[in-house]
Amino acid sequence: MFKEILSQYINLRDEQLNQFQKFYELVIDWNTKINLTAITDEKEFAIKHVMDSLSLWNEEKFSNVKKILDVGTGAGFPAIPIKIFKPNIETVLLDSLSKRVEFLKKVVAELNLENVTCIHGRAEDLARQNNFRESFDLVTARAVARLNIISEYCLPFVKIGGTFVALKGKQFAEETAEAEKAVKILGGSKIICVEKILPEISDTRAVIYIDKKISTPKKFPRKAGTPTKNPIT
């Protein structure tokens, strides 16, 4: 069973393991209806989705985190694994595809997750609303866009003193260099890259930490499509 495989890599309570088991089952079931993931093997799912998501968590750095936003959450990575791991954190899941949001609402209900909000919308629009802009302790993104682009989507949501975290693959060094100007303009501090090695995986991966030091200029994020077509470089 999935939870038995996962327990080989991380120490979790039975309740958490049961939640991860149910989460896996829901992803596999809904994957026949909508495209959620190409990874369906239990072991690969445990390592490449769950353990990869949890690799961003830094207990010392995030000890005071109370509210998280996951931008472009897709099937719920990394936010759902973090929520299971740290159940007291208020979590907001944002995705632009309504079918995925429908799936996420099902996950929240089936796993009995509290203080989780699933939102169908675009970061470019939501970041201009006062109740969302610069109101999150931690904003996460995984496999959404290159770092200079996703920083424009995410940093406007991060409160001053909070952190934007991106999970990146083997091109992380190139993306980091490319994003330095954008991060500075958007109010971020120095980009910190921490390489991660997942169990039984040789791929190069990194967690990118960007602390928010000053307010993001009001003109960011720009209107839908602009950050991708004309990224800050």
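Pick from region 125-148 the residues that are assigned to a strand (DSSP E or B) and of a type in the set (D, E, K, R): which of them is nearest to ALA177 (Cα to Cα)? Spell out how you get there, then give the answer.
Here is the first cut: in region 125-148, the residues assigned to a strand (DSSP E or B) are 136-142.
Now narrow it down to the ones that are of a type in the set (D, E, K, R): 137, 142.
Working: ASP137: 25, ARG142: 18 Å.
My answer is ARG142.
Can you run down the residue pairs with Cβ atoms below 8 Å, 6 or more apart or on separate chains, where the first is in region 171-188 and in a helix (DSSP H, G or I) and the partner is of a type in the set (Phe, Trp, Tyr)?
ILE185/PHE220
With the condition kept exactly as written, say whether any residue in region 31-49 is more than 21 Å from LEU138 (Cβ to Cβ), in contact with a Lys or Arg (Cβ under 8 Å, 6 or more places away or on another chain) and charged (D, E, K, R). Show your work before the answer.
Of all residues in region 31-49, those more than 21 Å from LEU138 (Cβ to Cβ) come to 31-48.
Retained after the next criterion (residues that are in contact with a Lys or Arg (Cβ under 8 Å, 6 or more places away or on another chain)): 33-34, 36, 39.
Remaining after also requiring charged (D, E, K, R): 33.
Looking for residues that are more than 21 Å from LEU138 (Cβ to Cβ), in contact with a Lys or Arg (Cβ under 8 Å, 6 or more places away or on another chain) and charged (D, E, K, R), one finds at least one in region 31-49, hence yes.
Of the conditions (1) surrounded by fewer than 21 Cβ atoms within 10 Å (Cβ to Cβ); (2) farther than 23 Å from LYS213 by Cβ, VAL107 satisfies every one except a single condition; which number is it?
(1)
Do you know which residues across region 207-233 are in contact with a Gly (Cβ under 8 Å, 6 or more places away or on another chain), closer than 21 Å to ALA177 by Cα and surrounded by fewer than 21 Cβ atoms within 10 Å (Cβ to Cβ)?
Passing the criteria: ASP211, LYS213, ILE214.
Which ones in region 75-104 are in contact with a strand residue (DSSP E or B) (Cβ under 7 Å, 6 or more places away or on another chain), farther than 22 Å from GLY162 by Cβ and buried (at least 22 other Cβ atoms within 10 Å of the Cβ)?
LEU104
Please count how many residues of region 44-77 are in contact with an Asp or Glu (Cβ under 8 Å, 6 or more places away or on another chain) and of a type in the set (D, E, K, R).
Within region 44-77, residues that are in contact with an Asp or Glu (Cβ under 8 Å, 6 or more places away or on another chain) and of a type in the set (D, E, K, R) number 2.
Give, as residue ranges, the helices (runs of 4 or more DSSP H) completely inside region 1-95 that count at least 1 residues that are more than 17 Å from the chain's Cα centre (by Cα) and farther than 28 Å from SER151 by Cβ. Walk me through it before giving the result.
On the way: elements: 2-6, 14-30, 42-45, 79-85.
The helices (runs of 4 or more DSSP H) meeting that bar are 2-6, 14-30, 42-45.
Kindly establish whether ASN58 is touching a residue at least 40 places away in the same chain (Cβ under 8 Å), open to solvent by 30 Å² or more (accessible area, probe 1.4 Å) and either touching a Pro at 6+ places or on another chain (Cβ under 8 Å) or under 20 Å from ALA143 (Cα atoms) (or both).
Considered against the rule, which asks whether it is touching a residue at least 40 places away in the same chain (Cβ under 8 Å), open to solvent by 30 Å² or more (accessible area, probe 1.4 Å) and either touching a Pro at 6+ places or on another chain (Cβ under 8 Å) or under 20 Å from ALA143 (Cα atoms) (or both), ASN58 comes out as yes.
The values are calculated or read from the model by the stated rules, or taken from the named source; none is laboratory data. Just so we're clear, the structure is a prediction, and the values are computed from it rather than from any experiment. Cβ: placed from backbone, ideal geometry, glycine included. Neighbour counts: every protein chain shown. Surface accessibility is based on the protein's heavy atoms, side chains included, excluding ligands, DNA and RNA. Shrake-Rupley method; radii C 1.70, N 1.55, O 1.52, S 1.80 Å.
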